[in-house]
Amino acid sequence: MKKLGTFFLKATKGLAIKEVVSINGQIDSKAAISVFDRGFLYGDSVYEVTLTYNKIPFLLDEHLDRLYRSARSIHMEFSFSREELIKDINNVIEKLEGDRQYIRVIVTRGAGEINLDPSAATKNNLVIIGRNLPEYPISWYEKGVSMIITDILRNSKRSMDPGVKSGNYLNNVLAMAEAKEKKAFDAIMLNYKGNITEGTTSNIWIVEGSRFVTPPLDAGLLGGITRKTLLLIASKNNLSVSEENISPERLKAADECFLTSSTKEIVPIISVDDCPIGTGTPGPHTKSLHKIYKKFVQESLKK
Ligand SMILES: Cc1ncc(COP(=O)(O)O)c(C=O)c1O
């Protein structure tokens with residue numbers, strides 16, 4: 001945390017750190033959430049994170065569709081309309097300085113008696129956190145990052161389905177803790193069959209020759225919006241792309257590897273468990289896909 005704080009101060013270059021929090025539509029320092037909220041007590045919540053480019057939340061519709069899908073999967077109904085939600089998000093964005101903002105939307109099942117029965121909840125709590133997001137360190141993109149494969153498994157789809165973006169991230173927190181202990185950037189998680197699923201907050205890809213491969217949703221992972229976008233634009237650009245199960249051995253023998261997420265876009269992975277991937281430097285296919293992605297972002301903003 002201390003490191004992140006320092007990075008924020010440095011990277012903002014004089015821009016005041018600004019954070020805006022909306023709770024049930026109220027942007028007010030007195031707005032609060034009850035300690036009896038089920039999101040706090042049980043992780044009984046769903047959430048989304050997107051990034052704004054020029055103050056426009058990127059692929060907001062896709063993120064909101066996933067938020068509603070996540071809620072449906074855990075039988076959570078929203079007590080507000082999609083229009084009200086968008087209005088609250090836009091209010092947060094307007095109040096923030098800077099063009100590049102991190103937007104986190106959290107919907108909890110609400111507060112109620114302390115018992116697991118979901119019907120104990122009264123009314124959703126809707127929290128939107130917006131903050132200026134400085135550019136990430138250029139070294140991530142130019143030099144790449146090192147990962148580990150953690151012993152902590154991603155849940156089976158029959159447990160808390162990893163395809164649901166819920167407030168239950170404790171497995172991922174433990175995986176990240178292991179990565180930090182081993183001085184790695186982040187951890188890659190396997191499923192119970194021993195195949196790659198994803199990073200703690202990102203999807204994982206490999207390049208074999210000129211072929212891009214990412215694990216299928218069936219492996220038990222979050223259907224990332226960036227992953228979906230890349231599958232689409234890679235095909236449109238006549239790149240060979242496929243969803244296949246990937247074993248740790250296959251990943252380590254790949255020519256290139258990278259992770260994807262809405263805020264990080266595409267980050268080259270140069271080693272896994274201290275084993276260099278390909279030449280141990282960011283690969284040409286990863287870099288060219290990132291260029292294509294950036295172009296897609298710019299073109300989408302013009303629409
Ligand atoms: C577990 C997990 N996988 C993948 C992703 C990447 O998803 P997206 O591309 O929608 O940001 C995230 C994002 O936070 C995540 O938490």
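Just so it is clear, none of the values below were taken in a lab; they were calculated from the coordinates. Quick caveat, the model's predicted, so the values are computed rather than measured. Cβ atoms come from the backbone with ideal geometry, glycine included; neighbour counts cover every protein chain shown.
Per residue, what volume in Å³ does the Cα convex hull of segment 2-132 take up?
On the way: hull volume 15.5 nm³, N = 131.
Spread over its residues, the Cα hull of segment 2-132 gives 118 Å³ apiece.
Which net charge results for the neighbourhood of Tyr141, defined as the other residues with beta-carbon distances under 14 angstrom from its beta-carbon, given Lys and Arg at +1 and Asp and Glu at -1? The partial results should precede the final answer.
Numbers: positive: Lys143, Lys264, Lys287, Lys291, Lys294; negative: Glu135, Glu142, Glu256, Glu265.
Residues close to Tyr141 contribute a combined charge of +1.
Take the chain, mark every one of the GluC sites (Glu not before Pro) that falls in a DSSP loop and has at most 16 other Cβ within 10 Å, then report the longest stretch left between them, sites excluded. Intermediate values should be presented prior to the final figure.
Details: sites that count: Glu77, Glu97, Glu113, Glu135, Glu244.
By the stated rule (loop sites, at most 16 other Cβ atoms within 10 Å), 136-243.
Once amide H atoms are placed 1.01 Å from N in the peptide plane, what residues at a sequence separation of 5 or more from Phe212, or on another chain, have their amide H within under 5 Å of its amide H?
Under 5 Å from the amide H of Phe212 lie the amide H atoms of Ser240, Val241, Ser242, each far enough along the sequence or on another chain.
What list of ³J(HN,Hα) couplings, whole Hz, do you get for segment 23-39 from phi and the Karplus terms 6.51, -1.76, 1.60, once you set θ to phi - 60° and write x for glycine and proline?
10, 6, x, 9, 9, 7, 5, 8, 5, 8, 10, 5, 5, 8, 5, 6, x
Starting from 0.36 nm per residue, how many nanometres of slack lie between Glu249 and Ile33 once their C-alpha separation is accounted for? Let's see the in-between values first.
On the way: separation 216, 0.36 × 216 = 77.76 nm, distance 4.59 nm.
Taking 0.36 nm per residue and subtracting the Cα distance, the gain is 73.2 nm.
Can you give the relative contact order of segment 178-303 as a percent, counting alpha carbon pairs under 8 Å and 6+ residues apart?
Details: 200 pairs, mean separation 27.0, N = 126.
After rounding, I find 21 percent.
Quick one: Karplus J couplings for segment 45-56, per residue in order, coefficients 6.51, -1.76, 1.60, θ = phi - 60°, nearest Hz, x for Gly and Pro?
7, 10, 8, 9, 10, 9, 10, 9, 10, 6, 6, 9
If we count every other residue with Cβ under 15 angstrom of Lys157's Cβ, Lys/Arg +1 and Asp/Glu -1, where does the sum land?
Numbers: positive: Arg69, Arg154, Arg158, Lys165, Lys193; negative: Asp161, Glu198, Asp218.
Every neighbour counted, the sum reads +2.
Gain in length, Phe40 to Ser240, computed as 0.36 nm per residue apart minus the alpha-carbon separation, to one decimal in nm?
Details: separation 200, 0.36 × 200 = 72.00 nm, distance 4.35 nm.
Length gained, Phe40 through Ser240: 67.6 nm.
Counting DSSP beta bridges in segment 138-302, what percent are antiparallel, to the nearest 5?
Details: 17 of 27 bridges.
In segment 138-302, approximately 65 percent of DSSP beta bridges are antiparallel ones.
Using only alpha carbon pairs under 8 Å that are at least six residues apart, calculate the relative contact order of the chain and give it in whole percent.
Numbers: 577 pairs, mean separation 50.2, N = 303.
Over the chain, the number comes to 17 percent.
Quick one: what does P(r) look like for segment 138-302 with 5 Å bins over all Cα pairs, in whole %?
Values per bin, smallest distances first: 2, 9, 19, 24, 22, 14, 8, 2, 0.
Report the antiparallel proportion of the DSSP beta bridges in the chain as a percent, rounded to a multiple of 5. Walk me through the numbers on the way to the answer.
Working: 43 of 53 bridges.
Of those bridges, close to 80 percent are antiparallel.
Under the rule of -39500 (n - 2.57) per DSSP H run of 4 or more residues, summed and divided by the residues of the chain, what mean residue ellipticity at 222 nm is obtained, to the nearest 500 deg cm²/dmol?
My calculation for the chain gives -9500 deg cm²/dmol from helical runs alone.
Return one number: the angle in degrees, 0 to 90 and rounded to the nearest 10, between the long axis of the Cα atoms of helix 60-73 and the longest principal axis of the Cα atoms of the chain.
70 degrees
Once you keep just the Cα pairs under 8 angstrom separated by 6 or more residues, what percentage relative contact order results for segment 2-132? Mind showing how you got there, number by number?
Values: 206 pairs, mean separation 46.4, N = 131.
Relative contact order, segment 2-132: 35 percent.
Search the structure for amide H atoms under 5 Å from the amide H of Asn124, placed 1.01 Å from N in the peptide plane, and list their residues when 5 or more places away or on another chain.
Hits under the 5 Å cutoff: Ser79.
With the cut-off at 1.5 for a/c, could you classify segment 75-225 from its C-alpha gyration tensor as rounded, prolate or oblate?
On the way: a/c = 2.04, a/b = 1.30, b/c = 1.56.
Oblate, since a/c reaches 1.5 and b/c is not below a/b.
So what's the angle, to the nearest 10 degrees on a 0 to 90 scale, between helix 284-302 and the longest Cα principal axis of the chain?
40 degrees
Any of Lys264/Lys303; Lys193/Lys291; Lys183/Lys228; Lys252/Lys291; Lys157/Lys287 with alpha carbons more than 27 Å apart? Name them for me.
Lys193/Lys291; Lys183/Lys228; Lys157/Lys287
Please identify which residues in segment 57-94 have an amide N closer than 17 Å to a label point set 7 Å out from the Cα of Arg100, following the Cα→Cβ vector.
It comes to 57-59, nothing else.
Explain nothing, just compute: Karplus ³J(HN,Hα) = 6.51 cos²θ - 1.76 cosθ + 1.60, θ = phi - 60°, for every residue of segment 207-219 in order, whole Hz, x for Gly and Pro.
Going residue by residue, I get 10, 10, x, 10, 9, 8, 10, 9, x, x, 4, 4, 5 Hz, with x marking Gly and Pro.
Rounded to the nearest 10 degrees, what's the angle between the helix 170-181 long axis and the longest principal axis of the chain, both from Cα atoms, 0 to 90?
The angle comes out near 50 degrees.
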